[in-house]
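Peer 1: Before we start, here is the structure in question, set down as structure tokens.
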Amino acid sequence: MAEAKVVDSIKADIESVWAELGNFSGVKAGPGIESVDYEGEGVGMTRSINMSNGSVVERLDVHDGENKIFTYSIINEDSVLPFANYSATIRLSDNGDGTTGVDWTGQFESRGVEEEKAVKLASGIYSNAINNAKKVLES
């Protein structure tokens, strides 16, 4: 099983970061994403991220607002991403200085590509999401 991990810090309080990164239904269409469809609410809900070459269907498995942790998994076997048995967890921590620590860790088996490439792709996805949150929260 491969692991991709990104640890970073955002110059914003933990509640603001949680509102941005902890919002499972916050993914919107944009570069590379044609549309996003949501079904259900809370733990067990799904989101279908639709791209030109296919889709990724993710399920919210854990959403703990008190401890600022959430876990999601990819549930469609025909996902366009090169991951099988994928699960990722985002953990936020209050750094005590007005900033928030972000730990985003995914575990999966690479599918159709070398493990190193799959890890690099997952890490890039996590970094992009964190950087987008920084743009919103640090401006």
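Nothing in this text is a laboratory measurement; each read-out follows from the coordinates by a stated rule. Not measured: the values here are computed from a predicted model. Positions of Cβ are generated from backbone atoms using ideal geometry, with glycine treated the same way; all protein chains shown enter the neighbour counts.
Peer 1: Taking the condition of being free of Cβ contacts under 8 Å to residues at least 40 places away in the same chain and either in a loop (DSSP other than H, G, I, E, B) or within 21 Å of HIS63 (Cα to Cα) (or both), how many residues in segment 91-127 meet it?
Peer 2: Matching residues across segment 91-127 total 8.
Peer 1: Taking VAL7, is it under 22 Å from LYS117 (Cβ atoms) and surrounded by fewer than 17 Cβ atoms within 10 Å (Cβ to Cβ)?
Peer 2: Judged against the criteria, VAL7 is a match.
Peer 1: Based on this model, can you work out whether VAL113 counts as under 15 Å from the mean Cα position of the chain (by Cα) and β-branched (Val, Ile, Thr)?
Peer 2: So VAL113 fails the test.
Results for (1) in contact with a Lys or Arg (Cβ under 6 Å, 6 or more places away or on another chain); (2) buried (at least 18 other Cβ atoms within 10 Å of the Cβ); (3) closer than 24 Å to SER139 by Cα, shown as yes or no for each residue.
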| site | (1), (2), (3) |
| --- | --- |
| LYS11 | no, no, yes |
| LEU21 | no, yes, yes |
| GLY26 | no, no, yes |
| GLY42 | no, no, no |
| GLY54 | no, no, no |
| TYR72 | no, yes, no |
| GLU77 | no, no, no |
| TYR86 | no, yes, no |
| TRP104 | no, yes, yes |
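Peer 1: Something else: Just checking, how many residues over segment 61-86 are within 17 Å of SER25 (Cα to Cα) and without any contact (Cβ under 8 Å) to a residue 40 or more places away in the chain?
Peer 2: So in segment 61-86, the residues within 17 Å of SER25 (Cα to Cα) come out as 61-65, 68-75.
Remaining after also requiring without any contact (Cβ under 8 Å) to a residue 40 or more places away in the chain: 61-62, 64, 69, 71, 73-75.
Of the residues in that region, 8 qualify.
Peer 1: So for segment 18-36 (the condition being under 15 Å from GLU58 (Cα atoms), hydroxyl-bearing (Ser, Thr, Tyr) and part of a strand (DSSP E or B)), does at least one residue qualify?
Peer 2: yes
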